[in-house]
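The values are calculated or read from the model by the stated rules, or taken from the named source; none is laboratory data. A quick note: this is a predicted structure, and the numbers were derived from the prediction, not measured. FYI the Cβ positions are ideal-geometry reconstructions off the backbone, even for glycines, and counts take in every protein chain you see.
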Amino acid sequence: MRKPLELYIHIPFCERKCGYCDFLSGPAPMNIQRRYAEQMIKEIACQSKHYPGYRVVSVFLGGGTPSLLEPGQILDIMKAVRGNFRLEVDAEVTMEMNPGTVTMEKLQACRESGINRVSIGLQSADDKELKTLGRVHTYDEFLKTYQRARQAGFANVSVDLMSALPGQTLSSWKATLKRVTMLKPEHISAYSLMIEEGTPFYSRYHGHPELLPDEEEERKMYYLTKQYLHSHGFERYEISNYARPGFECRHNTGYWTGVEYLGLGLGASSYIHGFRFRNEADLEVYCGIEMEGADADDRLHKEIVRLTEKEQMEEFMFLGLRMTRGVSGTEFEKRFGVTLGDVYGKVLDKLVKNGLVILEEPYVRLSDFGVDISNYVLSEFLL
């Protein structure tokens, strides 16, 4: 029986890098983007030969801004996926999109290529907040993108939002939630802004907490998100993700539950056969690799690490506890041959006693209090 596999396809280009972003992405001339797309198609064809025993259950085109791709490139990349991997008939295929970069022609190419889910990066419905973030679009441009996606026939649309932004208030965050829920998307991702080292935001805001919502205000935003979205038909299924029934992101759920994944493209990460590795992260070097050459894998794959069984157990807990249903003791025993109690009995007893986790056989999940201090709780599962 073929094993499930998820594909992540990285498109590292964007019109302008946002001030908070630490992803491997940035602007590039059109000729570089075209050269990259051609190289990626070669990588897809060559790497697929290593995984004949797998069936692809989800594909995620992320970035960067994948919607910068030309219609023909979208069709060619997805043709390469379908022609080289065994793609399940009902596979979830997602493309990230940024408002202002999406035309009806591109959306039609997405539909024709088999993409059946789009994730639109709005972040805020407040134009002042968008400007602070360095986004290249307005709320009105988002609305046009959203409407085009519906007109093109997409019945599974996700919207990305960010809270705890500079200058954001509980009232402005609620206004964003209201505007987005009125559109009735199937899925909403709502993350708190992280100030990452090496970004312009780090230079601007690190050491200046007075310029950001304080911890109490951020906590209020988190609880408002959960309550408001629940009242509008969205259920939280992961710490930062909400969906209407049946529309949970299968790709992300697979990642959180340990489904193996193959990253394709610049700097993309993979986890297969117990090994973690990433692709070459230098654009010029990546585009210069002879994908059919005998040394292609050596040149392409970097930082190859085999996880020990203890590390695999830790990751199972770290990722699984992000899900609201928690981790399955049955699945843990099936995967590792020992029970959760054998490995984490004392830890679980302490966390249950302190009201941080809840045992509901066969699942262990975070309590609301546990979610509040999830970094501490998850650290308790280090072996």
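Annotations for the structure displayed:
- Residue among ILE358, ILE304 that alone is without any contact (Cβ under 8 Å) to a residue 60 or more places away in the chain, part of a strand (DSSP E or B) and surrounded by 14 or more Cβ atoms within 10 Å (Cβ to Cβ): ILE358
- Enumeration of residues in the range 80-95 that are aromatic (Phe, Trp, Tyr) and free of Cβ contacts under 8 Å to residues at least 60 places away in the same chain: none
- Options GLY337, GLY263, GLY326, GLY320; residue that is surrounded by 13 or more Cβ atoms within 10 Å (Cβ to Cβ) and on the phi > 0 side of the Ramachandran plot: GLY326
- Applying the condition of being among the aliphatic types (A, V, I, L, M) and out of contact with any strand residue (DSSP E or B) (no Cβ under 7 Å at 6 or more places or on another chain) to the range 5-46 and asking which residue is modelled with the lowest pLDDT yields LEU24.
- Hits in the range 152-201 - residues which are surrounded by fewer than 16 Cβ atoms within 10 Å (Cβ to Cβ), out of contact with any strand residue (DSSP E or B) (no Cβ under 8 Å at 6 or more places or on another chain) and on the phi < 0 side of the Ramachandran plot: ALA155, THR169, LEU170, SER171, LYS174, ALA175, LYS178, MET182, MET194, GLU196, GLU197, PRO200
- Meeting the requirement of 3 or more residues that are more than 30 Å from LEU300 (Cβ to Cβ), the strands (runs of 3 or more DSSP E) wholly within the range 215-268 are 235-238, 241-243.
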